[in-house]
Amino acid sequence: MTTDTTAATAARAPVQGGAFYRLVWKWHFLAALYVLPFMLILSISGGIYLYKPQIEGWLYADRLHVEITGTPLTYAQQIDALTQARGMKRLRMVTVRDDPTRSTTIEYNDGENIRSVAWVDPYSGEVLASVPRDRLIMRMVKKFHGELLGGAFGTKFVELAAHWAIVMMITGVVLWWPRGKRSLRDAVSLPRSPGRAWWRETHMFTGMLAAVLITPLLISGLPWTDVWGGGLSYVQKQTGQESVSLRFGGRKPKSATDNGDTLPIEQIVAMGWEQGLVSPIEVKPPRKADAAYWMRSGSRNRSEQTEILVDQYSGDVLKRIEFSENPVIAKTVSYGISLHQGELFGPLNLALNTLAALLGVVLSVSGFVAWWKRRPAGELGVPRAPETNLGWGMGATVIVLMLLLPLMGASLLFALLLDWLLFRRMGWFRSDGVQPAE
């Protein structure tokens, strides 16, 4: 075989080994340019939100706990006390617990129609505090985590970061995988090199752990998103896999309107305890003459979140919904949310999610420092990638990722278009000659 024939054959064959590694590194680098700032923000905000019960217990201790000073007032009396003190245009929900030292939580629209949350002493009727719901500290943290306080516009950026973070995790595993002189023992060892190499090793070691702990959290958070979550909801609807919960709407049974007066919340709550609902019980009053009382267990354990609809006049149970009635996909999504919030398997879940949040911070900082120390002076330091065709396998992988992560796919096509129209002419994001250290 001649030298020319050998060269032509090599050019036609998919590039393996070093070329593949360099291409993956470039993908990893470009994904990280967008992802790492978001990962830092989301790791900090998500890590804080994991401790919502503990933080709120500390922040609101003066309004959550009361002294037992006699016989509790009826819920109607407590609602009247709140109405007189703050005004009320709409009663939204009453939350009660089986602990006599806890205040009653009432969600309502105040006199200015602002959705608010109040805590009422069940013994004296004193309104211990009332705050607009969107000014609750942990709700603000949650909104910041989910949408960067940017509403529907901001949540798209968060979703895009989650999509590319999954790509970053996949490419990071490829880069971490032992090869050449780097053994498995080296790959799983704590960072020990001096100088800038320490930052690179720290980033790779942290990334190894992050791929295991953060990737499930990224995936479990996708059902909350607009694009991916909206697509999932459509699939669930078409396949009969929707949640049976009526918490956020749905067609509810109607009350018979010829059975007398509306029953007091007191009686509905008593029914909730009799029906075996786990504390706390959340009760939504009916808004129309033919509507029903809706109540559920607000337990952090998903399997205990039973819902009951009660005829507002007769007190008949119109419908009882158990979590176990949900179809497989709905259950999976719900358990995924529980995993994401550190609630699925108790303290261990909380500990693992806390570690994941810490890893996200270290991964972001170490990735930035490693890049900053490694990049050529005055350049972006984009890794040098081969221009050679890498074969159908890599192309198929990219197509599958684009289908599974549509927002990532759309952004990739947009980036390729910008690269063709603009970046190539301006020299942006071109390889700066930085070689990967395999």
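Quick notes on this one:
- The relative contact order of the chain, computed from alpha carbon pairs under 8 Å that lie at least 6 residues apart in sequence, is 20 percent.
- Remark on ARG375: its backbone amide H falls under 5 Å from none of the residues 5 or more positions apart or on other chains, H modelled at 1.01 Å from N.
- Protein heavy-atom accessible surface, 1.4 Å probe, per residue over the chain: 54 Å².
- The tail of the calculated P(r) for region 188-277 beyond 20 Å holds 69 percent of all Cα-Cα pairs.
- Here the Karplus relation 6.51 cos²θ - 1.76 cosθ + 1.60, evaluated at θ = phi - 60°, turns the backbone of region 293-306 into coupling constants of 5, 10, 9, 8, 7, x, 4, 6, 7, 4, 5, 9, 7, 6 Hz, with x for every Gly and Pro.
- Protein-only accessible surface order, largest first, of TYR21, TYR34 at 1.4 Å: TYR34, TYR21
- For SER116, nonlocal amide neighbours, meaning residues 5 or more places apart or on other chains whose placed amide H falls under 5 Å from its own, are TYR108, ASN109, ASP110, ARG133.
- Computed about its Cα centre, the charge dipole of the chain is approximately 1900 debye, with only Lys, Arg, Asp and Glu carrying charge at their Cβ.
- Built amide H within the under 5 Å cut-off of ALA292, gap 5+: SER255
- Net charge of neighbours whose Cβ lies under 14 Å from the Cβ of TYR234, counting Lys and Arg as +1 and Asp and Glu as -1: -1
- To put it simply, the accessible area of the chain at a 1.4 Å probe is 61 percent carbon and sulfur.
- Solvent-accessible surface (1.4 Å probe) assigned to ASP121 amounts to roughly 20 Å².
- Summing Lys and Arg as +1 and Asp and Glu as -1 over all other residues whose Cβ lies under 13 Å from the Cβ of TYR313 gives a net charge of -3.
- Between region 126-154 and region 246-260, the Cα center-to-center distance that results, in Å: 30 Å
- Compactness of region 67-201 - radius of gyration and Dmax, Cα, Å: 26.2, 76
- Take the Cα radius of gyration of region 252-355 and divide it by 2.2 N^0.38 Å, N being the number of residues; the result is 1.28.
- Cα-Cα over 20 Å, subset of LYS284/LYS319; LYS52/LYS284; LYS288/LYS319; LYS142/LYS319; LYS181/LYS373; LYS254/LYS284: LYS52/LYS284; LYS142/LYS319; LYS181/LYS373
- Semi-axis lengths, Å, region 129-212, gyration tensor of Cα atoms, sqrt of 5 times eigenvalues: 39, 16, 10
- Within the assembled protein chains, the solvent-accessible surface assigned to ASP316 is about 90 Å², based on a 1.4 Å probe.
- With the convex hull of the Cα atoms taken as the outline of the chain, the averaged projected area works out to 28.5 nm².
- Radius 11 Å from Cβ of GLN78, net charge of other residues (Lys, Arg +1; Asp, Glu -1): -4
- Phi-derived couplings, Karplus 6.51 cos²θ - 1.76 cosθ + 1.60 at θ = phi - 60°, listed residue by residue for region 142-156: 5, 5, 5, 5, x, 9, 6, 6, x, x, 5, 6, x, 5, 5 Hz, with x used for Gly and Pro.
The values are calculated or read from the model by the stated rules, or taken from the named source; none is laboratory data. Keep in mind that what you see is a predicted model, and the values were worked out from it rather than measured. Cβ atoms come from the backbone with ideal geometry, glycine included; neighbour counts cover every protein chain shown. SASA here: full protein model, heavy atoms, side chains in, ligands and nucleic acids out. Shrake-Rupley method; radii C 1.70, N 1.55, O 1.52, S 1.80 Å.
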